[in-house]
Amino acid sequence: MKHFLIYANRYKDKNLLMAKRVCDFLQLKGQHVTVRAIGGEREEKRASGQEEIPADMLRSVDCMIVLGGDGTVLQAVRAVKMGPVPIIGVNLGTLGYMTEVEPSGLEEALERLIAGDYVRQSRMMIDGRITFQDGGGREDWALNDIVISRRGSLQIIRFAIYVNGQFLNNYHADGMIVTTPTGSTGYNLSAGGPLVEPGAELMMLTPICPHSLNQRSIILSPEDIVEIEIPECREGGEQPVEVSFDGSHVIPLRTGDKISVARSKRVTEFIRLNQVSFLEVLHRKMQE
């Protein structure tokens with residue numbers, strides 16, 4: 001590797017001290033370094049994934065080093081817009097699942113990156129295609145999850161779920177999560193869904209606070225197509241809901257709209273220095 005892009009979260013990396021530490025070490029080793037910091041001014045735009053890193057910059061980048069937590073990694077993925085740039089995270093927050101490196105082992109990790117002592121791991125992603133009742137449409141994608149949740153006053157949402165065109169079930173819940181293996185440790189985990197090794201290939205449906213005793217997560221094939229329809233509420237009125245992609249890009253929905261979720265043709269590549277890092281982190285999490 002010769003060109004590194006450092007993607008730093010100002011709120012996690014105070015005064016960009018960690019970014020400077022990484023930059024100084026890499027430059028001392030003869031590497032080319034570009035620094036990109038998020039936070040502060042225009043933070044809302046950056047956090048929503050609207051500000052992308054220019055394609056001409058990405059073409060020359062060999063590796064993206066993300067300084068922050070899992071949320072910062074997701075922002076970085078949206079910033080490169082699934083460009084062919086492998087990502088490695090340095091954990092500056094609480095114990096994260098997507099961040100590979102702890103600050104105490106930073107220099108050793110950088111040495112291994114320069115030497116090419118690592119493996120790449122491809123993570124599956126999902127695409128969401130929204131069809132509005134008026135015939136319009138929108139599309140977006142996610143590495144972690146696509147979440148449909150209520151918008152406005154507290155209310156139970158009704159969902160009609162279809163898989164590959166076949167009716168599965170009606171759900172009454174606070175929301176619905178369609179997640180990838182990478183996203184299993186996020187909102188899916190908080191909602192009671194199963195943990196999945198991030199290199200696996202599958203999709204999961206997890207209802208948020210389902211109003212039933214027999215509605216649990218469902219694990220689906222990565223080739224399945226999930227369609228979620230928003231019917232009328234029980235009293236016959238409209239249901240205002242919203243769909244979010246990786247917790248940032250939010251699109252309002254209402255009765256009559258539907259969203260189709262399928263495996264994306266694109267992937268996100270992570271750099272792994274330790275093949276069993278997920279199991280180690282999971283073990284440490286279970287001890288908390």
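The values are calculated or read from the model by the stated rules, or taken from the named source; none is laboratory data. The shown structure was predicted, so the numbers you read here are calculated from the model rather than taken from an experiment. Here the Cβ positions follow ideal geometry from the backbone for every residue, glycine too, while neighbour counts run over all protein chains shown. Quick note on the areas: whole protein, heavy atoms, side chains included, nothing else; ligands and nucleic acids left out. Shrake-Rupley method; radii C 1.70, N 1.55, O 1.52, S 1.80 Å.
Side notes on the structure shown:
- Residues whose amide H falls under 5 Å from that of Ala37, counting only those 5 or more places apart or on a different chain, are Ala8, with hydrogens built in the peptide plane.
- Peptides 29-36, 83-90 ranked from most to least packed by the mean count of surrounding Cβ atoms within 10 Å: 83-90, 29-36.
- DSSP bridge pairs, the chain: antiparallel proportion in percent, nearest 5: 75 percent
- Label positions at Glu242 and Lys81, each projected 7 Å from the Cα along the C-beta direction, are separated by 2.3 nm.
- Residue-span extension gain [Leu213 to Phe167] - 0.36 nm each, minus C-alpha spacing: 14.5 nm
- Taking all protein chains together and rolling a 1.4 Å probe, Arg263 ends up with roughly 70 Å² accessible.
- A straight chain from Asp224 to Gln133 at 0.36 nm per residue would run longer than the Cα-Cα distance by 30.4 nm.
- Carbon and sulfur %, accessible surface of the chain computed with the full protein complex present, 1.4 Å: 49 percent
- Heavy-atom surface of the range 61-106, accessible at 1.4 Å and reported per residue (Å²): 25 Å²
- Debye log10 I(q)/I(0) at q = 0.14, 0.22, 0.28 Å⁻¹ for the range 141-195, Cα point scatterers: -0.43, -0.97, -1.12
- Taking N as its residue count, the alpha carbon Rg of the chain over 2.2 N^0.38 Å: 1.06
- Radius of gyration, Dmax [the range 51-95; alpha carbons; angstrom]: 10.6, 34
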